[in-house]
Every structure is written in structure tokens, then in C-alpha cells.
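Read the structure below first, then the notes.
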Amino acid sequence: MAEYSLLSLLKNAWSGNRDWKPAWRKPDPKPEYDVIIVGGGGHGLATAFYLAKEHGITNVAVLEKGWLGSGNIGRNTTIVRSNYLLPESIRFYDFSVKLWENLSHELNYNVMFSQRGILNLAHSPAQADDYIRRGNAMRHGGGDGVWLTPAEIAKKVPGVDLSQNARFPVVGGLLQPRAGTARHDAVAWGFARGADRRGVDIIENCEVTGFLRDGDNVTGVKTSRGEIRAKKVAVAVAGSTGRVMRLAGIDRLPIESHVLQAFVTESLKPFVDTVVTFGGGHLYMSQSDKGSLVFGGDLDGYNSYAQRGNLPVVEEVMSEMVAMFPSLARVRLLRSWGGVMDMSMDGTPIITTGPLPGMYLNTGWCYGGFKATPASGWLFAWTIAKNTPHEINAPFTLDRFHRGAIIDEKGQGATPKLH
């Protein structure tokens, strides 16, 4: 019987729901593992799951300094898309969308993936040309993209201000129909349960405080719960990459940590059934299954590890939302949060072996961490298991910045020394 099948639900309902097995165990750390993954966020958990499922490597520990879901996996706007421009990015993120499409079935856990599409609004002829170029690149790379006229946008998103008197008149929009949203904490729980059932130890409240070295080789970690040795040590800690890698003696990386805020309103009746982005600024918005509008904007604009933002960005994001949807002017904001982004200098992630022997690094996700979760885990697991990258993440090396082989994804990364 599948763990969450209809028969299982009926059986447990009949017994008063007293016999459910915990989604994951609470083991004490063992002295040694084949693989240690530092970071129990979405990417770390997905890596552990695919190490066990695809490569049969189950003597794995995932070390999380807090509780599962307390980091970036629960601090985003839940958007999944692959509407990028460059071939390396399209191939990677489209692979991720394909994994998303079967993820609930693969995990036997409903991650509530909803392919409601994403619509990028264009507000000038030049911006329309740029979006059409990107849509053509997506289709050329095997993805999906459709150009919509203002009349077609009016039918799909009736609340958008399409009047000629709008401050930012809409001239068209690029729609990716296969994009959508997923329940972010369900993704963490689903990967955690799937990894646990395959024998992976998920150890919460276990902070890494240092790395064990034998010469240059990394042989384990020091933690708040003692030393743990491992043949391979992988780091997937998103916005904390700089701090954790400094513990290994790596004090220079081509990334910056920035705060990115997200917001939720009070619940509304059905208002918008797709993800909409505002091309006149930087805003993206969707409506959750509970009716709240979930939206976010740009970075706060300074380096920080704080999981909170500041009011000027709140004001900017709200003004952009009202410019796009004037009817939302009196909707009340319910709550907000900040996630810490590890912004690479070319807007493209790093999934690689190294930078020390025995170490593997997953970082530089910029705005794209949540949508990349399954592909990041799948490809990082491949890289760890085989000690070489898969052809999809082969361009995402760390040394591309030394070689000048950057993948400049339309300036989506931070601008060095700008702030």
C-alpha cells in the first residue's frame, strides 16, 4: 500500500490517525558516512534523494543547522519557470520543469505543482522585441513560449490595466504555458521523506562549525553535535555559502549575499490564475490556493545575511503592483519575509566538484533557486556520485570566472561593488 494512498488514508482515519509513521526519523549522527551534505534546504534534500534513488548511495547524512524548511526553501514566491535566454540556462531549467511535472508521483507526495503559466508583460516596443527574441530562443531550445497581444492578455488576465492612459502601457506579453507554482514547504517535506525512506539520515539542529582536513583533502566536518567523517562533503547552503566556505579556508568566491523580500496579502476571491510579471519594474505575482496574492520584487540592494527586508523596497513593490492592477490598491498586506540569495556575478549557478579535493559545491542561484530544486539535486547527485559533472551542468563550473567563460544570463546576477 502506498504511504499516502486512498486506502492508507481510510485505514488511518478509521484508527483515529494515531498510527501515521513520522515523515522522517530523528537519528543521531554516525561517526562516518559516504557522503555528508551540508544544508537541509530544498537543494540539499533533493541531492540526498537522488543520490539514493539514482545512484544507490544511501549512507548519506544531511546536516541542517535549524529545522527543515527554515531557510530559503520556505522563503520564496513558489514560482517554477524556464523562460531564459541562453542555451545553457534553457537546457538546465527546462530539465527542471520536466522533473517538476512528475515530482508528486515520484515522491508519492503532493507538492501541489500547478502549471498555470507565467506571463511577462512588455511595456515598450523595444521590450517587446527583447521578449519575442527570448521566446524564440526558448522554442529553439525545446521549450515553450507564446506571444500574446493586449487583446489576448485582456481575456487571460482581466485585472491588468490595459488602458492607453496607464503609466506603463502594455504592448504585449510573453507567455510560458508550462510554468507555474508549487507548494514550497511541501517540496522540502516530500524530498525529506523520500530520502529518509531510502536510508538517508536527516539531522536537524546540527550546525557545521568547521571542516576536517587531511592536507588539502576534506575528510569530514566539525559540528555542534561532534565530528563526523565522510569520503565526500557537499555544500548546498544557498545564501550562507560565503560563511560556510570560509570555515574551509575559502574566503573568495564570485558571489554576493543579498536579501530578497516576498509578500502575502489577505485572501481574495479568485483574481488571477497565472503568474504575472511587470516589465516596467521588477515584480512577479500569483494567487495561492488559499486566495492570498503572493508577490515579490527586486533585491534590497545591499549585502546582508538578515532574513528581513526594509521599507523602501516594500513601497516600491507595492507601487508596481498597483500600477499593474489598480483595483488592488486597497488590498491589505498580511505578512512578508526575506530570503538570503547567493548572487553569482553572471546570474548563473555553480554546480561543481571542488574547490578542494573531497568537496562539492552548489551555489550562486540568484533568483532561480526554488524553480531549480529538482534539477539542482539531480545534477548535484550525479556530480557527487561520478566525480564529474553531467553534460547539463558541465558549463556551471567555478573556474569559468577564471577562464572568462561566464554565462551572462541578462545581468540577472548582482553587480559587483554596485552598492
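The values are calculated or read from the model by the stated rules, or taken from the named source; none is laboratory data. Keep in mind that what you see is a predicted model, and the values were worked out from it rather than measured. For neighbour counting, all protein chains shown are included, and Cβ atoms are generated from backbone atoms with ideal geometry for every residue, glycine included. With ligands, DNA and RNA removed, areas are computed over all heavy atoms of the protein, side chains included. Shrake-Rupley method; radii C 1.70, N 1.55, O 1.52, S 1.80 Å.
Remarks
- Computed FRET value (nearest 0.05) for Lys231 with Thr209, which takes r as the C-beta separation and R₀ as 25 Å: 0.75
- Using a cut-off of 30 Å between Cα atoms, the listed pairs Lys53/Lys290; Lys21/Lys290; Lys21/Lys65; Lys26/Lys371 include Lys53/Lys290 as exceeding that distance.
- Stretching the chain fully between Ser5 and Asn165 yields a gain of 52.2 nm (0.36 nm per residue, less the alpha carbon separation).
- Label reach from His282 (point 7 Å along Cα→C-beta): in the range 167-207, no amide nitrogen lies under 11 Å.
- Label separation (Trp147 vs Ser15): 6.0 nm, computed from points 7 Å beyond Cα along the C-beta direction.
- Reachable aspartates and glutamates from Lys155, criterion Cα separation under 18 angstrom, eight or more residues apart if same chain: Asp273
- Mean Cβ count within 10 Å, highest first, over the residues of peptides 361-372, 311-322, 82-93, 155-166: 361-372, 82-93, 311-322, 155-166
- Low-density loop positions, chymotrypsin sites (Phe, Trp or Tyr not before Pro), the range 25-70 - DSSP coil, at most 14 other Cβ in 10 Å: Trp67
- Taking each residue as 0.36 nm, the span from Ser224 to Leu333 lengthens on full extension beyond its C-alpha to C-alpha distance by 35.4 nm.
- In this structure the chain gives 44 Å² per residue of accessible area when probed at 1.4 Å with all protein chains present.
- Net lengthening on full extension, Trp67/Arg246 (0.36 nm per residue, minus Cα-Cα): 62.2 nm
- Label zone at Glu54 (point 7 Å along Cα-to-Cβ), backbone N below 14 Å, the range 333-355: 351-352
- Per-peptide average of other Cβ atoms within 10 Å, ordering 127-136, 263-272 highest first: 127-136, 263-272
- By the combined test of axial Cα extent (at least 15 Å) and Kyte-Doolittle hydropathy (mean at least 1.0), the qualifying DSSP H helices of the chain come to 311-324.
- Each eigenvalue of the Cα gyration tensor of the chain, multiplied by 5 and square-rooted, gives one semi-axis; in descending order these are 36, 26, 20 Å.
- Virtual paramagnetic centre 7 Å along Cα→Cβ of Asp289, amide N under 19 Å, in the range 47-89: 69, 73-81
- Under 12 Å of direct C-alpha separation, and excluding same-chain neighbours fewer than eight residues apart, Lys269 reaches these aspartates and glutamates: Asp289.
- Just the protein heavy atoms count here, and of the accessible area of the chain at 1.4 Å, carbon and sulfur take up 52 percent.
- Think of each Lys and Arg Cβ as +1 and each Asp and Glu Cβ as -1; about the Cα centre, that makes the dipole of the range 37-97 roughly 140 debye.
- Candidate aspartates and glutamates - alpha carbon under 19 Å from Lys30, same-chain residues fewer than 8 apart omitted: Glu64, Asp196, Asp201, Glu204, Glu207, Glu227
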